[in-house]
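**Q** I have a structure here, written as structure tokens, and I will follow up with some questions on it.
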Amino acid sequence: MTEQVIQLEKVNKWYDDFHVLKDIDLSVDKGQKIVICGPSGSGKSTMIRCINRLEAHQEGKIVVHGTELTNDLKNIDLIRKNVGMVFQQFNLFPHLSVLDNISLAPIWVKKMPKKEAEEIAMSYLEKVKIPEQAEKFPGQLSGGQQQRVAIARSLAMNPDIMLFDEPTSALDPEMIKEVLDVMIQLAEEGMTMLVVTHEMGFAKTVADQMIFMDEGRIVEQATPDEFFNNPKSDRTKLFLSQILNH
Amino acid sequence: MSSSISFTHNKYYSWCRNNLFSSWINGIITILSIYFIYEVSSFFLNWTIFEADFVNNFRGEKITDRTFCSKNIEPGQHGACWAIIIVRFHQFIYGFYPVEEAWRVNLVYGLLPFALVGIFFDNLPFRKYFLYFTFLFPFIGYFLLYGGAGLDVVGTSKWGGLLVTLFLGVTGILLAFPLSIILALGRRSKMPVIKTICIIFIEFIRGVPLITLLFTANVMLPLFLPEGVRPDNLLRALVAVTLFQSAYMAEAIRGGLQAIPKGQLEAAQSLGLTYWQSTRKIILPQALKISIPPIVNTCIGLFKDTSLVLIIGLFDLLGVGRAAVADIDWAKLHYEVYVFISLVFFIFCFGMSRYSLYLEKKLKTDNS
């Protein structure tokens with residue numbers, strides 16, 4: 001019996017006249033790893049940003065851990081505490097040291113004593129393999145190191161769902177692997193993950209489900225095996241041929 | 001021969017050669033410039049120091065009015081007569097504050113640095129206690145200056161000179177700072193009522209000259225208040241100055257807020273921080289850091305603009321200076337008075353400017 005942690009039912013969203021999400025249905029089980037791909041502008045980032053309410057949807061229902069996302073700020077805060085997010089541009093806080101970046105939310109959101117929060121921060125820095133950078137500022141780190149700090153920062157809140165919004169798109173090629181390795185490790189530990197990425201090697205390694213989106217719709221959802229070897233829709237085939245054979 | 005070789009290898013010599021005498025024209029300009037600098041500075045130094053009178057004139061007599069100034073006795077004497085400043089020093093610093101009570105002003109001047117260090121330097125030992133003191137200082141300062149509860153009351157009409165300049169400048173800036181942060185955040189708020197109020201306030205205050213605000217505060221305000229309620233002249237000026245400064249500072253801070261990428265707020269929110277936590281811990285520290293140069297710019301501007309209060313009858317440093325010049329005993333000593341006043345303003349403004357540079361350097365966290 002698997003436990004459903006995220007449900008989207010007939011979710012619709014518009015930016016003014018632009019219909020960015022169209023009747024999205026999705027359900028995610030605990031521990032599931034879902035990789036979402038699709039051309040730019042297809043709504044994949046918008047969809048995962050709706051899950052922690054960085055964007056508001058206008059129609060339909062989004063339920064996370066049994067709590068429905070509405071305008072109620074209490075529910076939003078509750079969900080954000082349990083849902084971590086990693087951004088394409090890292091979005092580290094440049095005026096704080098690496099250690100302070102990670103311990104900030106435990107101290108202010110969970111009201112944890114500073115010392116305990118810093119110990120937790122150090123343990124996550126060790127997990128992403130850069131404990132020696134704790135005292136530095138984000139501007140002094142490489143892109144790959146910054147993204148690993150961003151992952152540690154999210155993990156320090158002890159979330160049970162992690163959202164990744166193109167985590168490697170802003171990185172130099174030689175730094176992509178160090179970030180993906182951390183994400184693979186996280187997947188092996190059983191974290192529920194929704195990952196927007198075009199790293200198809202990563203997708204084949206960790207994904208339970210592949211989702212292909214185009215023009216605001218989920219066009220295809222399948223296991224990686226089916227998705228890569230026997231895609232049903234022509235649009236998916238075209239996309240895969242472009243992304244795999246360039 | 002060998003000595004001339006070592007001379008040409010001297011780094012000062014080659015620097016001069018490359019930068020000052022690289023061509024004939026450059027060389028001539030250099031020599032003319034040196035001559036010009038020499039003439040100006042020797043004239044200025046002679047006037048201000050070497051040929052100037054301080055307490056006594058060139059005959060050794062104590063100067064008590066303008067007829068004792070050396071330049072008014074001997075046609076060959078040109079130096080400044082600083083006695084006007086020295087004799088009227090009390091007025092320049094305290095205004096018409098009673099001489100026997102001047103220690104209270106001195107105490108406030110002496111305590112002011114202790115009230116400010118807590119704000120200015122965050123790595124200070126025992127900073128928490130300094131900040132407590134900063135918080136109490138306005139009350140202590142007002143009690144000391146105004147009096148009451150055991151101290152003789154000295155009405156603000158007797159305050160003057162540097163005391164009024166500093167009172168309006170320092171208090172105005174410190175009060176305007178929190179107000180300007182609220183205005184800047186309010187102007188970016190998603191709540192239409194708050195946003196509209198902030199925009200109207202900022203645009204109205206910025207669209208009106210400070211002199212008009214001072215007149216309004218001084219002349220118009222009592223018309224709207226009930227009979228008999230006449231708030232203090234100086235406090236009215238302080239309100240005008242504070243509102244004026246807060247509008248300008250708010251726009252400087254808004255510029256900083258706009259420069260913070262949207263991702264910063266999103267990252268803070270995705271970690272579960274509330275709006276106020278994100279603003280206080282993430283957005284404002286970065287926005288204020290970017291805004292330091294324009295904020296200090298408006299502070300320097302305001303500090304100098306406080307001298308406008310002389311037109312509503314308050315005697316700030318410039319007002320006292322003009323009174324001194326108008327005094328029949330000391331007439332025609334404009335230069336001395338205005339040079340002195342300029343120097344005092346310059347010291348404070350230059351101090352603010354240096355502090356902002358220190359702050360920018362300290363807050364830099366990247367390698368660029």
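**Q** With chain A treated as a Gaussian network of Cα nodes joined by springs under 10 Å, which of A:Val109, A:Val206, A:Val63 yields the largest mean-square fluctuation?
**A** With Cα springs under 10 Å in chain A, the top fluctuation among A:Val109, A:Val206, A:Val63 is at A:Val109.
**Q** At most 15 other Cβ atoms within 10 Å plus a DSSP loop assignment makes a site exposed; report the longest stretch of chain B without any exposed GluC sites (Glu not before Pro). Intermediate values should be presented prior to the final figure.
**A** Numbers: sites that count: B:Glu61, B:Glu227.
With a cap of 15 other Cβ atoms within 10 Å, the longest stretch comes to B:62-226.
**Q** Counting alpha carbon pairs within less than 8 Å and at least 6 residues apart, what relative contact order, in whole percent, applies to chain B?
**A** 16
**Q** Which of the cysteines found in the protein assembly as shown have nothing to pair with, since no other Cys Cβ lies under 4.7 Å from theirs?
**A** Unpaired cysteines in the protein assembly as shown: A:Cys37, A:Cys50, B:Cys16, B:Cys198, B:Cys299, B:Cys349.
**Q** Using each residue's phi in the stretch B:119-126, evaluate 6.51 cos²θ - 1.76 cosθ + 1.60 at θ = phi - 60° and report the 3J(HN,Hα) Karplus result to the nearest Hz, with x for Gly and Pro.
**A** In residue order, the calculated couplings are 6, 7, 10, 8, 9, 6, x, 6 Hz.
**Q** Rounded, prolate or oblate: which one fits chain B, using the alpha carbon gyration tensor with axes a ≥ b ≥ c (rounded when a/c is under 1.5, else prolate when a/b beats b/c, else oblate)?
**A** In terms of gyration-tensor shape, oblate.
**Q** Can you run phi through the Karplus equation (6.51, -1.76, 1.60; θ = phi - 60°) for the stretch B:346-353 and list ³J(HN,Hα) in whole Hz, with x for Gly and Pro?
**A** 4, 4, 5, 5, 5, x, 4, 4
**Q** Compute the separation of the alpha-carbon centres of the stretch B:16-49 and the stretch B:265-331 and state it in Å as a whole number.
**A** Centre-to-centre distance over Cα atoms comes out at 38 Å.
**Q** What relative contact order, as a whole-number percentage, does the stretch B:160-363 give when Cα pairs under 8 Å and 6 or more residues apart are counted? Working shown, then result.
**A** Numbers: 201 pairs, mean separation 57.5, N = 204.
Answer for the stretch B:160-363 is 28 percent.
**Q** Mind checking which of B:Gly207, B:Gly60, B:Gly228 has the largest fluctuation in a GNM of chain B, springs on alpha carbons under 10 Å?
**A** With Cα springs under 10 Å in chain B, the top fluctuation among B:Gly207, B:Gly60, B:Gly228 is at B:Gly228.
**Q** Suppose we compare each residue of the stretch A:148-168 in its chain alone and in the full protein complex with a 1.4 Å probe; which ones drop by at least 20 Å² of accessible area?
**A** By number: A:Arg153.
**Q** For the stretch B:161-176, take each phi angle, set θ = phi - 60°, evaluate the Karplus expression 6.51 cos²θ - 1.76 cosθ + 1.60, and give the result in whole Hz per residue in order, putting x for glycine and proline.
**A** Listing the rounded values in order: x, 4, 4, 5, 4, 5, 4, 5, x, 5, 5, x, 5, 5, 6, 6 Hz.
**Q** With every protein chain left in place, what is the accessible area per residue of the stretch B:223-300 in square angstrom, probe 1.4 Å? If you can, show how the numbers build up before the last one.
**A** Values: 3410 Å² over 78 residues.
Heavy-atom accessible area per residue stands at 44 Å².
**Q** For the stretch B:343-357 and the stretch A:144-174, what is the separation of their Cα centres, given in Å?
**A** The stretch B:343-357 and the stretch A:144-174 have Cα centres spaced 45 Å from each other.
**Q** Taking chain B as a Gaussian network, where each spring joins two C-alpha atoms under 10 Å apart, which residue of B:Ile341, B:Ile292, B:Ile282 fluctuates the most?
**A** Top of the fluctuation ranking is B:Ile282.
**Q** Quick one: longest stretch of chain A between exposed loop GluC sites (Glu not before Pro), exposed meaning at most 16 other C-beta atoms within 10 Å and loop per DSSP? It would help to have the intermediate numbers written out before the result.
**A** Working: sites that count: A:Glu3, A:Glu135, A:Glu189, A:Glu215.
That gives A:4-134 as the longest site-free run.
**Q** Can you send over the carbon and sulfur percentage of the accessible area for the protein assembly as shown, probe radius 1.4 Å, protein chains only?
**A** Working: 19630 of 31770 Å².
Solvent-exposed carbon and sulfur of the protein assembly as shown make up 62 percent of the total.
**Q** If you don't mind, another one. So what is the relative contact order of chain A, in percent, for Cα pairs below 8 Å that sit 6 or more residues apart? Walk me through the intermediate numbers first.
**A** On the way: 435 pairs, mean separation 63.6, N = 246.
Taking the mean separation of contacting Cα pairs over the length of chain A, I get 26 percent.
**Q** Something else: Answer with one residue from B:Leu210, B:Tyr275, B:Leu32: the one whose Cα lies farthest towards the positive end of the charge dipole of the protein assembly as shown, charges on Cβ with Lys, Arg +1 and Asp, Glu -1.
**A** Toward the positive end, the furthest listed residue is B:Leu32.
**Q** Suppose all protein chains stay in the model; what accessible area per residue would a 1.4 Å probe give for chain A, in Å²?
**A** Working: 10780 Å² over 246 residues.
With all protein chains present, chain A gives 44 Å² per residue.
**Q** Amide H to amide H under 5 Å from A:Met213: which residues, 5+ apart in sequence or cross-chain, H placed 1.01 Å off N in plane?
**A** HN-HN under 5 Å from A:Met213: A:Cys37, A:Gly38, A:Val219.
**Q** Which residues, if any, in the stretch B:321-368 lose at least 10 square angstrom of accessible heavy-atom surface (probe 1.4 Å) when the other protein chains sit next to their chain rather than the chain being alone?
**A** Buried by the other chains: B:Thr365, B:Asp366, B:Asn367.
**Q** Right, another one. Which value, in Å² and to the nearest 10, is the accessible area of A:Lys115 when all protein chains are kept and the probe is 1.4 Å?
**A** 150
**Q** Which of the residues in the stretch B:276-291 show a loss of at least 20 Å² in accessible area from their chain by itself to the complete set of protein chains, at a probe of 1.4 Å?
**A** The answer is B:Gln277, B:Arg280, B:Lys281, B:Ile282, B:Gln286.
**Q** Excluding ligands, DNA and RNA, what is the solvent-accessible area per residue of the stretch B:18-88 at a probe of 1.4 Å, expressed in Å²? Intermediate results must be reported in sequence, preceding the final value.
**A** Working: 4870 Å² over 71 residues.
Per residue, the stretch B:18-88 has an accessible area of 69 Å².
**Q** Now a separate question. Checking an interface number: how much accessible area is buried between B and A, summed over both chains, with a 1.4 Å probe, in Å² rounded to 100?
**A** That pair hides around 2000 Å² of surface in total.
**Q** Here is a further query. When a/c is below 1.5 the answer is rounded, else prolate if a/b is larger than b/c, else oblate, so apply that to the protein assembly as shown with a ≥ b ≥ c taken from the square roots of the Cα gyration tensor eigenvalues.
**A** Verdict is prolate for the protein assembly as shown.
**Q** Considering only C-alpha atoms, what is the centroid distance from the stretch B:210-246 to the stretch A:115-142, in Å?
**A** Distance between centres, Cα-based: 54 Å.
**Q** Taking every DSSP beta bridge that has both residues in the protein assembly as shown, what percent is antiparallel when rounded to the nearest 5?
**A** Details: 23 of 42 bridges.
Just about 55 percent of them are antiparallel.
**Q** When the Kirkwood radius is taken over all Cα pairs of the stretch A:17-93, what Stokes-Einstein diffusion coefficient follows at 10 °C and 1.306 mPa s, in µm²/s?
**A** Approximately 114 µm²/s, per Stokes-Einstein.
**Q** Out of the trypsin sites (Lys or Arg not before Pro) in the stretch A:118-162, which ones are loop residues according to DSSP with at most 16 other C-beta atoms within 10 Å? Please list the in-between numbers first.
**A** Details: sites: A:Lys127, A:Lys129, A:Lys136, A:Arg148, A:Arg153; in loops: A:Lys129, A:Lys136.
Hits after loop and neighbour filter: A:Lys129, A:Lys136.
The values are calculated or read from the model by the stated rules, or taken from the named source; none is laboratory data. Please read all numbers here as calculations on a predicted model, not as lab measurements. Counting neighbours? That spans all protein chains shown, and the Cβs are built from the backbone with ideal geometry, glycine included. Note: accessible area is taken over every heavy atom of the protein model, side chains too, but ligands, DNA and RNA are not part of it. Shrake-Rupley method; radii C 1.70, N 1.55, O 1.52, S 1.80 Å.
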